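One structure is given below, encoded as structure tokens.
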Amino acid sequence: MSFEQIGVVGGGLMGSGIAEVCAKNGIKIILRETDSSVLEAAAARIEKSLDRGVKSNKIDESQKEAISSRITYTTEYSDFKDCQMVIEAIYENEAAKIECFRELDNHVVDSQAILASNTSSIPIMKIAIETNRPENVCGLHFFNPVPVLDLVELIPSLVTSKETIERAHTFAANQLGKIVVRSQDRAGFIVNALLIPYILSAIRMAEAGFATPEDIDAGMVKGCNHPMGPLALADLIGLDTTMSVAISMYEEFNEPLYAPPPMLRRMVEAGHLGRKTQRGFYDYAR
Ligand code: 3HC
């Protein structure tokens, strides 16, 4: 059985990308944000991304209209009542995610509905046990930019049912056309467990004055053929998200390699969060 109506909580970089990709694949989406100005920003982000698709001839104007018309915007959890799945993509904070899942548990009527988290690093079990249906909860972790990157990590907790795992896998692979990899429920899963220490090492290198951000990034782009260097990638992910993921992983493993360096903390405190604030390791205002 395929999914026809899905809820997405959070209209930031990840939530709007997830909503767009689902709508492109014919699924009706209800996107929830906390207030109308944030919803407007999410709608504008999706519009801009669809325009890129039109410009590069991936979709035409009528397809763009059809995709946009499948997405409705709300501030109410109660609008999720008929959803067959809800994907949470709010900011990386355990308490906020738990509160969100309690709301979903209260409002989503279908007892078979899947409640998925796009968390980058918070163990799924911590969220699942706060609901009355932990067997329906799993992690579905997308990658930024969601319309471009093919991967989804599927993370069952110890109590996720086999049926939920198979339905979530089929959804991501067959309905969205993503490549699905499965990870055990450990903070960081597969990709961030490898990526975050790499990015933190690059930040430590810049902090120590070992090399400039430009040269660190050029080293990895030109020397290893990465599409972008680690500091440009941190700016793309968001320095606040990078720090939150690092903190979750440090809490889980107690390994120094996951500890956020002071330079990252200071930049986040200063509001230099990367592309989204136009300032991070690079200046995007110019
Ligand atoms: N929406 C839609 N399409 C987009 C897009 C977006 N936001 N961003 C880029 N594209 C499309 C462009 O239209 C273009 O398509 P075309 O080639 O058919 O015209 C294509 O992607 C390439 O884009 P650009 O030419 O603008 O730029 P680049 O070639 O420099 O690619 C990039 C940009 C796709 C961001 C590339 O640099 C890249 O893949 N970087 C690595 C990103 C990465 O590692 N992401 C993972 C982050 S980790 C994560 O998300 C997990 C989290 O938990 C932390």
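Read the figures in this text as sums done on the coordinates, not as results from a lab. If you're wondering where the values come from, they're calculated on a predicted model, not measured in any experiment. Backbone-built Cβ (ideal geometry, glycine too); neighbour counts: all protein chains shown.
In this structure, the amide hydrogen of Arg279, modeled 1.01 Å from its nitrogen in the peptide plane, lies closer than 5 angstrom to those of Leu273, Gly274, Tyr284, counting only residues at least 5 positions away or on a different chain. Rounded to the nearest 10 degrees, the inclination of helix 94-107 to the longest alpha-carbon principal axis of the chain is 10 degrees.
Note on the chain: GNM, Cα springs under 10 Å; of Leu151, Leu239, Leu195, the largest mean-square fluctuation is that of Leu195. Less than 27 Å apart at the alpha-carbon level, and either on another chain or at least 8 residues along: which lysines does that give for Lys126? Straight-line reach from Lys126, under 27 Å: Lys81, Lys97, Lys162, Lys178.
Quick one: length gained pulling Lys58 to Asn174 fully straight, 0.36 nm per residue minus the C-alpha distance?
Difference between extended and current length: 39.8 nm.
Once both axes come from the Cα atoms, what is the angle between helix 13-24 and the longest principal axis of the chain, in degrees from 0 to 90, rounded to 10? The two axes meet at around 40 degrees. A helix-only calculation puts the chain at -14000 deg cm²/dmol for mean residue ellipticity at 222 nm, using -39500 (n - 2.57) for each DSSP H run of at least four residues, averaged over all residues.
For the chain, the longest principal axis of the alpha carbon atoms and the long axis of helix 36-55 meet at an angle near 80°.
A Förster radius of 35 Å combined with the Cβ-Cβ distance from Glu65 to Thr34 puts the calculated FRET efficiency at roughly 0.80. When only alpha carbons are used to place a centre, the stretch 66-89 and the stretch 249-286 end up 31 Å from one another. Rounded to the nearest 20 debye, the dipole size of the stretch 89-171 about its Cα centre is 80 debye, using +1 on the Cβ of Lys and Arg and -1 on the Cβ of Asp and Glu.
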